[in-house]
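In what follows, a structure is listed as structure tokens, so that the remarks can point back to it.
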Amino acid sequence: MVHPTIATDIPYTVRRSARARRVRVNVHTHTGVEVVLPTRVPERAAATAVRELRPWIERRLGEAQEVRARIAARGGAVPYLGTPLQLVPQAGRTRVHRTGERLLVPAGDARPALERFYRRSARAEIAPRLDRATALAGSSYSALDIRAQRTRWASCSAGGRMSFNWRLLLAPERVLEYVIWHEVCHLEVLDHSPRFWALVERRWPDYRADRAWLQRHGATLVL
């Protein structure tokens, strides 16, 4: 339920969570402000949180508006490792097919089929790059998963299991390469200590620029 109130005049939704330990406010690019309440916290706590965090919320809402504008500016195309691919809707089509710099997509809402295409492509793009990086580093990984993580671009388990977000294919190629090298370095150093970042810098010297790009533009990596 949306709760626009006189006290806050910022519309927000409330979600109850048995796992939440405190009141949390999220600002989502496409769905707006969400307040997460622990099960036993009274609902008036949501309005209080929104009032108290108003300056931060307004900044985030402004950023979200900019993100939506950048996505809208794509027109009828989607990015693929830095290359815009023109969407060509075709009636009766159920599977996305790439031909050159065009993507043949189902007519209507093509996003489910596009996501399946990007998931398939992510494994084909990431696996050889990951193999090359680990070979150069003299390390190895145990498995590769392609996922749709909500809060991470990639991860590396203590056992060497690699997981990458398919949405990285919406970023420039060198950003994907940075994330791969980031995870390969985790095969040697699992934390984000100075030793880890020194290792990243040796293996991917311009990592700061790519990390900054991802921090600034990551919210635009959606279909």
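The values are calculated or read from the model by the stated rules, or taken from the named source; none is laboratory data. As the structure is a computational prediction, the values presented were derived from the model and not from experiment. In this analysis, Cβ positions are derived from the backbone assuming ideal geometry, glycine residues included, and neighbour counts consider all displayed protein chains. These area figures cover heavy atoms from the full protein model, side chains too; ligands, DNA and RNA do not enter into them. Shrake-Rupley method; radii C 1.70, N 1.55, O 1.52, S 1.80 Å.
Here are the numbers for the structure shown:
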| item | result |
| --- | --- |
| Subset of region 95-119 [among the acidic types (D, E) and not in a loop (DSSP other than H, G, I, E, B)] | E115 |
| Of the criteria (1) at positive phi; (2) touching a strand residue (DSSP E or B) at 6+ places or on another chain (Cβ under 9 Å), which one V36 fails | (1) |
| Search result, residues across region 120-151 that are in a loop (DSSP other than H, G, I, E, B) and either of a type in the set (S, T, N, Q) or touching a Gly at 6+ places or on another chain (Cβ under 8 Å) (or both) | S139, S140, Y141, S142, Q149, T151 |
| Check on A171, small (G, A, S), touching a Phe, Trp or Tyr at 6+ places or on another chain (Cβ under 8 Å) and open to solvent by less than 50 Å² (accessible area, probe 1.4 Å) | yes |
| Number of positions in region 22-56 that are open to solvent by 40 Å² or more (accessible area, probe 1.4 Å), outside any helix (DSSP H, G or I) and closer than 30 Å to L221 by Cα | 7 |
| Close pairs (6 angstrom Cβ cut-off, 6 or more residues apart or separate chains): farther than 12 Å from I146 by Cβ in region 107-123, open to solvent by less than 70 Å² (accessible area, probe 1.4 Å) and not β-branched (V, I, T) anywhere | R111/L223; A113/P106; L114/L223 |
| Given (1) at pLDDT 90 or above; (2) of a type in the set (S, T, N, Q); (3) within 23 Å of A20 (Cβ to Cβ), number of the condition T31 does not satisfy | (1) |
| Which listed residue is in contact with a Ser or Thr (Cβ under 6 Å, 6 or more places away or on another chain), open to solvent by 20 Å² or more (accessible area, probe 1.4 Å) and either over 20 Å from L81 (Cα atoms) or of a type in the set (K, R) (or both), from G108, G138, G159 | G159 |
| Selected residue [farther than 30 Å from E173 by Cβ, among the small types (G, A, S), assigned to a loop (DSSP other than H, G, I, E, B) and open to solvent by less than 90 Å² (accessible area, probe 1.4 Å)] from G92, G75 | G92 |
| From the options L144, L103, residue that is modelled with pLDDT of 95 or more and open to solvent by less than 10 Å² (accessible area, probe 1.4 Å) | L103 |
| Condition met for A137 (out of contact with any strand residue (DSSP E or B) (no Cβ under 7 Å at 6 or more places or on another chain) and either of a type outside the set (A, V, I, L, M) or modelled with pLDDT of 95 or more (or both)) | yes |
| Qualifying positions in region 198-212 - at pLDDT 95 or above and either charged (D, E, K, R) or surrounded by fewer than 16 Cβ atoms within 10 Å (Cβ to Cβ) (or both) | A198, E201, R202, R203, P205, R208, A209, D210, R211, A212 |
| Test for A158: is it over 19 Å from V78 (Cβ atoms), outside any loop (DSSP other than H, G, I, E, B) and not aromatic (F, W, Y) | no |
